Amino acid sequence: MTHPAPESPDPGRPVVFRNGIVLTMDDARTVLADGDVLVVGDRISAVGPGLEVPEGTQEIDARGGIVMPGMIDTHRHMWQTAMRGYGADWTLTQYFVWYYLEHGNKFRPEDIFAGNQLSAWESLEAGVTTTVDWSHGLQTVEHADAAVDALQSVPGRFVLAYGNIQAAPWEWTADPAVRSFFERRRSGSDDMLGFQLAFDVTGDPAFPEKDAFEVARELALPVTTHAGVWGATNDDGIRLIHENGFATPDTVYVHAATLTTDSYQRIAASGGSVSVSTESEQSAGQGYPPTWQVRRHDIPVSLSMDTSVWWSADLFSAMRTTLGADRSREHLEAHAKGDTVTHVHLRAEQVVDWATRGGARALSRDDIGRLEPGLKADVVLLKNDSSTVSFPLLNPYGHVAFQAQRGDVHTVVVDGRIVKHEHALVGVELPAVRRTVEATVDHLRSALGEEAWAQGMNPEMPSDDEVLDNPYQYTDYKSDSTRGARGTVFGEPGSG
Ligand SMILES: [Zn+2]
């Protein structure tokens, strides 16, 4: 259903958020207890209490809410959103088999479009105003055009990180059609759409990825790469990138989990940043979510959600899980030495910083990620008067990191334009988006066949997970939870 804004979201009309708690995320981390944010055109015009505004300005009552910069996700495989939730029980191994080896090549350009379009709207709904589409399903340039078409059909800010898991990076980057794609799609594109190259470095001593880095350099495209992924990429890749002179400040190292100090030092020295996908690292097995390491090396951090084939796609989850993982590790490291942590190092303010400024830093965008006059107007209002979680609002950073969720995203402005208002996306035709995704699901399901479809979603259970003997158990009684409930509903395809 199309949701018209209660007041016309006229792009030319100024907007003011009134009387909210304002998290500016400026250098001084100024927090206004009762502030306004004025948007004129595509820019933030003023931030402060009791602002004078131009006649005809649309007023948004932010009382009881938090006004903050739009969030930035630096690594999402948006095309995979067409398979939302399918891989909830996967490890990285099942993921690789499904997408890389067996079924990822069945995605047609329209399937890339379907996933990207849904994912793009989903980002905006969750207050994520800039998303990097880590698009590694681009088998042909037609797929790439479909990806960009989808991103441009949605009023958010996006970066297409061009990739292709069906070919080696030095092969597909050498394709003249790829080069002409960039010429075509970059010409005349504005700051709503950016580009990167997305590929991984295996650690092969011959460094065959060198040619792909040369193309990136020639086309002035930053490289984003899955690094420090257990069983896939390791220290050798980082060393090769660094020794060959391709470790630059705009290089983004995704995950960077299973790495040694040497790699973190190389990343830190070259000014690159790490994109942490905590929900992903915790489930898939790339390595322990690395913020507890990278923050000690003073490496810039941004947050990301990786893929909705497993996880959620909102940065509230990213902030929450990242705080939890970092603190878990800090406690465990201390316990191993017989110590007790009395004051945690990672604070809620820091993860809000990573979700906003950190993303802007990773993308070399000094004009987003903060609420300051003159910057691009990407603004989010968290406010939900009908929610029991909306009060008391005592610690704004803590509220964002641990209390808020996507349903609390009241209004979203991107580039000065209202794209979500009073909890409803503006201008989305959700039934049409749904139909394109359903067509993709139908296509994949019939291309795989029912058996492969069901097997892909239900990985085999390891056989060695028997319940251990318990000397305190005096009878043969077994509770429901130990009686093998698994298998009766979810384990057997078609039985649920
Ligand atoms: Zn990824």
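Read-outs throughout are calculated quantities, based only on the coordinates presented, and are distinct from any laboratory measurement. For clarity, every value in this text was computed on a predicted model and none was experimentally measured. Positions of Cβ are backbone-derived with ideal geometry, glycine not excepted, and every protein chain shown enters the neighbour counts.
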Q | Dimensionless Rg ratio for region 15-107, taking C-alpha atoms and the 2.2 N^0.38 Å reference | A | 1.74
Q.
Can you tell me the convex hull volume per residue for region 60-155, based on C-alpha atoms, in Å³ to the nearest whole number?
A. 113 Å³
Q | Amide hydrogen neighbours beyond the local backbone of residue 254, cut-off 5 Å, H modeled | A | 225, 226, 227, 275
Q: Sum up the charges of everything whose Cβ sits under 15 Å from the Cβ of residue 52, counting Lys and Arg as +1 and Asp and Glu as -1, but leave residue 52 out.
A: -2
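Would you tally the net charge around residue 284, using a Cβ to Cβ cut-off of less than 13 Å, leaving residue 284 out, and scoring K and R as +1, D and E as -1? Intermediate results must be reported in sequence, preceding the final value.
Details: positive: none; negative: 89, 279, 281, 306.
Counting the neighbours of residue 284, the net charge comes to -4.
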Q.
Could you sort the peptides 146-154, 53-61 by per-residue average Cβ neighbour count (10 Å cutoff), highest mean leading?
A. 146-154, 53-61
Q. Which ³J(HN,Hα) values, rounded to whole Hz and listed in residue order, are derived for region 92-101 from phi using the Karplus coefficients 6.51, -1.76 and 1.60 in 6.51 cos²θ - 1.76 cosθ + 1.60 with θ = phi - 60°, glycine and proline given as x?
A. 4, 4, 5, 4, 4, 4, 5, 7, 7, 9
Q: Give me the distance in nm between label points sitting 7 Å out from Cα along the Cα-to-Cβ direction at residue 331 and residue 236, one decimal.
A: 3.8 nm
(Q) Give me the one-decimal Kirkwood hydrodynamic radius in Å for the chain, with the sum taken over alpha-carbon pairs. (A) 23.8 Å
Q: Note down the nm distance, to one decimal, between modelled labels 7 Å out along Cα→Cβ at residue 261 and at residue 243.
A: 2.1 nm
Q) For a label point 7 angstrom out from the Cα of residue 177 toward its Cβ, which stretches of region 138-154 have the backbone nitrogen within less than 11 Å? A) 139-145
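Kindly rank 175-185, 305-315 from highest to lowest mean number of other beta carbons found within 10 Å of each residue.
Working: 175-185: 14.7, 305-315: 24.5.
For the peptides 175-185, 305-315, the packing ranking is 305-315, 175-185.
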**Q.** Full-stretch length increase - residue 153, residue 393 - with 0.36 nm per residue and alpha-carbon distance subtracted
**A.** 82.8 nm
(Q) Just to check I understand the Karplus step: with θ = phi - 60° and J = 6.51 cos²θ - 1.76 cosθ + 1.60, what whole-Hz values come out for region 268-273, glycine and proline as x? (A) 4, 5, 8, x, x, 10
Q) Rounded, prolate or oblate: which fits region 125-195 when a ≥ b ≥ c are the square roots of the eigenvalues of the alpha-carbon gyration tensor, with rounded for a/c under 1.5 and prolate only if a/b beats b/c? A) prolate
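What does the charge count near residue 439 come to, summing +1 for each Lys or Arg and -1 for each Asp or Glu among other residues with Cβ under 14 Å from its Cβ? Don't jump to the answer; show the numbers that get you there.
Details: positive: 106, 108, 434, 435, 445; negative: 110, 111, 438, 442.
In short, +1.
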Q.
Can you bin every Cα-Cα distance in region 232-331 into 10 Å intervals starting at zero and give me the percent of pairs per bin, rounded to whole numbers?
A. 17, 50, 29, 5
